[in-house]
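Student: My questions all concern the structure below.
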Amino acid sequence: MLQIIIIILGVSFILYTLLGGADFGAGIVETFAGKKGEKIVSKAIAPVWEANHVWLILAIVILFTGFPLVYSTISVALHIPLMVILIGIVLRGSSFTFRHYDVANDKSHAYYTIFFKASSFITPIFLGITLGAMMLGDISLENTGSFYQQYIRPWYNLFCLTMGFFSASLFGYIAAVFLIGEAGYLIEQKRYIRISKIFLFLTISMGVLVFVVAELQQHHLFNEFFQSGISLVSFGLVVLLTPVVYYLFSHPNTVYLRAAISVQVTLIMLGWFAIQFPILVYERNGNHLTFYNTQAPTATLHQLLLALFVGLLLVIPAFYFLFKVFKDNKGQNVNH
Amino acid sequence: MDELLAARLQMAISLGWHIVFACIGMTMPILMAYSEWKWLRTKEQVYIDLAKAWSKGVAIFFAVGAVSGTVLSFELGLLFPVFMEHAGPIFGMPFSWEGTAFFVEAIALGVFLYGWDRLNKWVHWLSGVVVGVSGVLSGIFVVSANAWMNSPSGFTWENGKASNIDPVAAMFNDAWFTQALHMTLAAFVATAFAVAGVHAFLLLKNKQNEFHKTAVRIALAFGAVAAFLQPISGDISAKDIAERQPAKLAALEALYHTSQPADLVIGGIPNDQEERVDYAIHVPGFLSFLAHGDFDAEVIGLDQFPKDERPPVLITHIAFQIMVGIGFLLAFAGFLYLVFSARWKHMLSKTWWLWFIACLTPLGFIAVEAGWTVTEVGRQPWIIHGIMKTKDAVSPMPGLQYSLYMISVVYLLLTLIIIGLMRRQIATIETYYPSARNKTE
C-alpha cells in the first residue's frame with residue numbers, strides 16, 4: 001500500500017515537471033520567441049495550464065496526509081523559498097489570465113507580460129532551490145542556530161542555486177520542444193528548434209554543474225549516483241536519447257519529439273528518485289526523514305489510496321479527453 | 001507584530017480572498033450551464049451571449065481562485081506546521097477528495113472555455129454541468145475539513161498525540177453537513193445577487209436591454225431561492241453550535257452570563273470589562289428558542305469557560321450581526337422577487353427595484369466574509385476545538401509578519417487589477433454580443 005502511494009507521488013511529481021514545467025518554461029521561452037511568441041504560448045497553454053497545475057496540489061496533499069512530518073518540516077525550514085514559489089505561482093497564473101482575457105491592448109498588456117515572464121522564470125528557480133535544500137542536508141528543526149543558520153543557509157547556497165537554474169533550464173527545454181509542435185509556420189518552428197537546442201545545451205551544462213558544485217560542497221552526489229544501478233541506467237539512457245532528440249530536430253515530428261523528451265525527463269526524475277529513495281529530507285543531525293519513518297497510520301494511507309485510485313480513474317480519462325480536444329488536431333508532421 | 005497575530009491575519013487574508021473566487025467558481029458554472037441549456041432549447045441569441053459573456057469573467061475568477069487555493073494548501077503548513085503535522089493524517093481525506101474534484105473541475109472548465117467551436121453542443125453543455133457539480137463538491141470537501149476543526153472526531157488524543165485514526169469518521173464529523181449546506185447556499189446567494197446587482201445597474205441605463213434583463217432574471221431566480229433557504233440552514237447551524245460549541249454561540253450572541261431563559265441580543269457593542277452589551281435590543285427568551293427550540297431553555301454563557309478559553313466576543317458578535325442582518329435582507333429581497341415577479345411582469349422595468357437590486361451587489365460577499373469570521377474567530381483560542389490551541393500550532397520561524405506584508409501587497413494589487421479588468425469586460429459587452437445591442441421590446 002505504501003509503495004503504491006509512493007509511486008503515485010512520484011508519478012504526479014513527474015507529470016508536474018513535464019506539464020507544469022512546460023507551462024513555466026513557456027514563459028521563459030517566450031522571451032526568445034519573437035513577436036509571434038506570445039500568441040503561440042497563449043494558444044498552447046491557455047486551455048490546459050490550470051489542470052496541469054493540479055499535479056502539484058496532488059503531491060502536496062499526498063505529502064501532508066501521508067507523510068505529515070515531511071510537509072511540516074519543509075514548511076518551517078524552507079518557509080522563505082516556499083513563500084516565493086507561492087507568490088510566483090499566483091503572479092504567473094494571474095498575469096497570464098489577465099493578459100489572455102483583458103480586452104484592451106494597451107500599456108497594461110506589457111505589464112502583464114513582464115510579470116508573466118518574470119514569475120515564469122523565478123518560480124522554477126525556487127522550486128529547484130527547495131528540492132536542492134531537501135537533498136543537501138542542512139535542514140534542522142532543533143532551534144539552536146541563528147536565524148541565518150536555521151532559515152536561510154539551508155537553501156541559500158551555491159548547490160541549491162545551481163539546482164534552481166537547472167530546473168529553469170530543464171523547464172525551458174521541455175517547453176521549447178513542446179512548442180515546436182504548436183507553432184504553425186515553418187519559420188516559427190525553426191525558431192523553436194533553435195531555442196530547443198540552446199536550452200538542451202543549457203540543461204546539460206547546468207546538470208554537469210550540479211554535480212561539480214555538489215562535490216565542492218562535500219555533498220557526494222556523484223558517489224551516490226554511481227552506487228545506484230537505476231540511476232546509472234537512467235542516466236545512460238538519457239545520454240543515448242540526446243542524439244535521437246537532436247536528429248529529430250532536423251526531421252521534426254511532433255509525436256516522436258514529445259515522446260522522446262517525455263522519456264528523457266522521466267528518466268532524469270527516476271534517476272534522481274533512485275539516489276534519494278527512501279529519504280525525502282536530509283537533516284543536519286543525520287536523522288533523515290524517510291517515507292518509512294514519517295508515514296501516516298495505516299487507516300489514513302488506506303483512505304488516501306482509495307481517494308487517489310478513484311481520483312486517477314476519473315482524472316486520467318478526463319485529461320486524455322482534454323488533450324485530445326485541444327492538442328490532437330494539429331498536423332502530426334510539422335514539415336508542411 | 002505578534003507572531004501568532006501575523007500568522008492568523010495572513011491566513012484570514014488568504015482565505016477571505018480565496019473564498020470570493022471559490023464562491024464564484026461554484027456558482028457561475030451553474031448559471032452558465034443554465035443559460036446555455038436555455039439556448040439549446042429555445043435558440044434565442046441572448047442566452048448564448050450571456051453564457052459566453054459570463055464564461056469570460058469566470059475564466060479570470062477561476063484562474064485566480066485556482067492559484068490562491070494553491071497558496072492555502074501551502075500556507076496551512078507554512079503558518080501552522082504543528083497543526084498540520086498532527087491533523088494531516090486525520091483530516092487529509094476530504095482534501096484528497098477535493099483534489100480529485102478540483103482536477104475534474106479544472107479539466108472540464110478547460111473544455112468548456114475553449115471548446116465552444118470544437119465540440120458537439122450538448123457535450124459542451126455537459127462539460128459546463130461537470131464544472132458546476134465538481135466545483136460544488138470541492139467546496140463541500142474543503143468545508144468538511146474545516147468542520148473537522150470545529151468538531152474534531154475520528155481519533156483518540158493522548159499525551160499530545162493522535163491515535164486510533166479513522167479518516168472516514170473525521171470527514172463525516174458532526175459539523176460537516178450543517179457547514180457544507182450553509183456555505184454552499186451562501187456561495188449561491190452571494191454570487192447570484194452580485195451578478196444580478198451588476199446587471200441591474202447596467203439595466204438602469206437602458207431598461208429595454210434584453211441581455212441585462214435576462215441576466216438579472218436568471219441570477220435573481222437562483223439567488224432568491226438560495227437566499228430564501230439560507231435562514232433555515234442558519235437555524236440548523238445555530239442549534240448545532242449550541243450543542244457542540246457553546247462557547248462560540250455565547251460569543252456570537254455576546255451572552256456573558258448563563259441564562260434561563262436567554263434573551264436574543266440584537267446589535268449593540270459587547271463590553272468585555274463590564275461583561276454586558278451596550279446599546280442592544282433584547283428579545284426575551286428568543287435565544288433559548290433559537291438554540292434549543294424552547295423559550296424556557298437554559299443557554300450556556302461565557303462565564304462557564306475559563307478566560308483563556310473564550311473567543312473574542314466583540315469581533316464574533318459584530319460579524320454575526322452583519323451576517324444575519326444581510327442574510328435576512330437578501331432573503332426578503334428574494335421573497336419579494338419570487339412573489340411579485342410572477343404576477344407583475346414589468347418588475348424588471350421598475351427603477352426603484354433595479355436600484356434596490358443594484359445596491360445589494362456586494363452584500364452577499366460581505367455576509368460570506370462575516371460568516372467566516374464568525375466560524376473562525378468564534379473557534380478561538382482553539383485551532384482544533386478542545387484539542388489544540390492556535391498559539392501552540394504556529395510556526396516557530398520569527399518574522400512571520402513579512403510573509404503577511406508580502407501576501408497583502410500582492411492580493412491588494414491583484415484585487416485592483418481584477419476590478420479594472422471587470423470594468424473593461426463590461427464596457428465591451430455591447431461590442432461583442434448582438435443581444436446586448438438589441439433594444440426592441
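Student: Is it true that some residue in the stretch A:160-179 is touching a residue at least 60 places away in the same chain (Cβ under 8 Å) and more than 18 Å from the chain's Cα centre (by Cα)?
Tutor: Within the stretch A:160-179, not a single residue is touching a residue at least 60 places away in the same chain (Cβ under 8 Å) and more than 18 Å from the chain's Cα centre (by Cα).
Student: In addition: Which of the residues spanning the stretch A:43-91 are among the hydroxyl-bearing types (S, T, Y), facing another protein chain (nearest Cβ under 7 Å) and touching a strand residue (DSSP E or B) at 6+ places or on another chain (Cβ under 7 Å)?
Tutor: none
Student: Still on this structure, I have one more. Hey, could you check the stretch B:71-88 for residues that are free of Cβ contacts under 8 Å to residues at least 12 places away in the same chain and among the small types (G, A, S) and say which is nearest to B:Y411 (Cα to Cα)?
Tutor: Checking each candidate, the answer is B:G77.
Student: May I ask you to say which residue of A:S120, A:S146, A:S140 is surrounded by 24 or more Cβ atoms within 10 Å (Cβ to Cβ) and either within 12 Å of chain B (Cβ to nearest Cβ) or in contact with a Lys or Arg (Cβ under 9 Å, 6 or more places away or on another chain) (or both)?
Tutor: A:S120
Student: Inspect the stretch B:158-176 for any residue being touching an Asp or Glu at 6+ places or on another chain (Cβ under 7 Å), away from chain A (no Cβ under 11 Å) and not in a helix (DSSP H, G or I) and give the result as yes or no.
Tutor: Looking only at the stretch B:158-176, we keep the residues that are touching an Asp or Glu at 6+ places or on another chain (Cβ under 7 Å), and these are B:175.
Keeping just the survivors that are away from chain A (no Cβ under 11 Å) gives B:175.
Of the ones still in play, those that are also not in a helix (DSSP H, G or I) are B:175.
Yes: one or more hits.
Student: A further question follows. Just checking: which of the helices (runs of 4 or more DSSP H) contained wholly in the stretch B:197-299 hold 2 or more residues that are in contact with a strand residue (DSSP E or B) (Cβ under 7 Å, 6 or more places away or on another chain) and surrounded by fewer than 22 Cβ atoms within 10 Å (Cβ to Cβ)?
Tutor: B:286-292
Student: Could you check, for the stretch A:279-290, whether at least one of its residues is more than 14 Å from every other protein chain (Cβ to nearest Cβ) and either part of a helix (DSSP H, G or I) or at positive phi (or both)?
Tutor: yes
So that you can scan it fast, the table gives a plain yes or no per residue for (1) assigned to a loop (DSSP other than H, G, I, E, B); (2) at pLDDT below 85; (3) facing chain B (nearest Cβ under 7 Å); (4) surrounded by 12 or more Cβ atoms within 10 Å (Cβ to Cβ):
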position	(1), (2), (3), (4)
A:A296	yes, no, yes, yes
A:T300	no, no, yes, yes
A:Q303	no, no, yes, yes
A:L308	no, no, yes, yes
A:G311	no, no, yes, yes
A:I316	no, no, no, no
A:F319	no, yes, yes, yes
A:F323	no, yes, no, yes
A:N335	yes, yes, no, no
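For (1) part of a loop (DSSP other than H, G, I, E, B); (2) closer than 22 Å to B:A59 by Cα, each residue gets a yes or a no:
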residue	(1), (2)
A:L15	no, no
A:G20	no, yes
A:D23	no, yes
A:I28	no, no
A:G34	yes, no
A:P47	yes, yes
A:A51	no, yes
A:L69	no, no
A:L86	no, yes
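Student: Here is a further query. For the stretch B:109-122, name all the residues that are within 19 Å of A:I316 (Cβ to Cβ) and either in contact (Cβ under 8 Å) with a residue 60 or more places away in the chain or more than 7 Å from chain A (Cβ to nearest Cβ) (or both).
Tutor: Across the stretch B:109-122, the qualifying residue is only B:L109.
Student: Identify all residues within the stretch B:23-63 that are of a type in the set (G, A, S) and more than 14 Å from chain A (Cβ to nearest Cβ); write none if there are none.
Tutor: B:A33, B:S35, B:A51
Student: I would also like to ask the following. Output the helices (runs of 4 or more DSSP H) that fall wholly within the stretch B:332-421 and possess 2 or more residues being within 25 Å of the chain's Cα centre (by Cα) and surrounded by fewer than 17 Cβ atoms within 10 Å (Cβ to Cβ), or say none. I'd like the intermediate steps shown before the answer.
Tutor: On the way: elements: B:351-359, B:363-377, B:390-393.
Because the criterion is at least 2 residues that are within 25 Å of the chain's Cα centre (by Cα) and surrounded by fewer than 17 Cβ atoms within 10 Å (Cβ to Cβ), the helices (runs of 4 or more DSSP H) in the stretch B:332-421 that meet it are B:351-359.
Student: Further question on the same structure: What are the residues in the stretch B:136-156 that are in a helix (DSSP H, G or I) and either among the aromatic types (F, W, Y) or closer than 19 Å to B:T100 by Cα (or both), if any?
Tutor: Hits for the stretch B:136-156 are B:V136, B:L137, B:S138, B:G139, B:I140, B:F141, B:V142, B:V143, B:S144, B:A145, B:N146, B:W148.
Student: Looking at A:F32, A:F64, which is the one that is surrounded by fewer than 23 Cβ atoms within 10 Å (Cβ to Cβ) and among the aromatic types (F, W, Y)?
Tutor: When all the criteria are applied, what remains is A:F32.
Student: Sticking with this one: Identify the single condition in (1) touching a residue at least 60 places away in the same chain (Cβ under 8 Å); (2) in contact with a Gly (Cβ under 6 Å, 6 or more places away or on another chain) that A:N52 does not satisfy, given that it satisfies every other one.
Tutor: All conditions are met except number (1).
Student: Here is a list: B:N164, B:N173, B:N150. Which entry is at positive phi and among the polar types (S, T, N, Q)?
Tutor: After ruling out the rest, the residue left standing is B:N164.
Student: Sticking with this one: Failed condition for B:P311, given (1) in a helix (DSSP H, G or I); (2) closer than 13 Å to B:L252 by Cα, with all others met?
Tutor: Failed condition: (1).
Here is a yes/no grid of residues against (1) free of Cβ contacts under 8 Å to residues at least 24 places away in the same chain; (2) more than 10 Å from chain A (Cβ to nearest Cβ); (3) closer than 20 Å to B:I24 by Cβ:
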{"site": "B:A370", "(1), (2), (3)": "no, yes, yes"}
{"site": "B:T390", "(1), (2), (3)": "no, yes, no"}
{"site": "B:S408", "(1), (2), (3)": "no, yes, no"}
{"site": "B:L413", "(1), (2), (3)": "yes, no, yes"}
{"site": "B:I419", "(1), (2), (3)": "yes, yes, yes"}
{"site": "B:E430", "(1), (2), (3)": "yes, yes, no"}
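Student: Is there any pair with a first residue in the stretch B:7-22 that is among the aliphatic types (A, V, I, L, M) and a second that is outside any helix (DSSP H, G or I) whose Cβ atoms are under 9 Å apart and which are 6 or more apart or on different chains, and what are they?
Tutor: Note: pairs meeting the criteria are B:A7/B:F80; B:A7/B:V394; B:A7/B:S395; B:L9/B:M1; B:M11/B:F80.
Student: Related question: Run A:G271 past the list (1) closer than 30 Å to B:A170 by Cα; (2) crowded, with 18+ Cβ neighbours inside 10 Å and report the number of the one that doesn't hold.
Tutor: Every condition holds for A:G271 apart from (1).
Student: If a residue must be within 14 Å of another protein chain (Cβ to nearest Cβ), touching a Gly at 6+ places or on another chain (Cβ under 9 Å) and more than 17 Å from A:I89 (Cα to Cα), how many such residues does the stretch A:1-42 contain?
Tutor: So the count comes out to 3.
Student: A follow-up question, please. Would you check which residues across the stretch B:47-82 are crowded, with 22+ Cβ neighbours inside 10 Å and touching a strand residue (DSSP E or B) at 6+ places or on another chain (Cβ under 9 Å) and list them?
Tutor: Residue satisfying the conditions is B:F80 alone.
The values are calculated or read from the model by the stated rules, or taken from the named source; none is laboratory data. Keep in mind it's a predicted model, so treat the numbers as computed, not measured. All Cβ positions, even for glycine, are placed from backbone atoms using ideal geometry, and neighbour counts span all protein chains on display.
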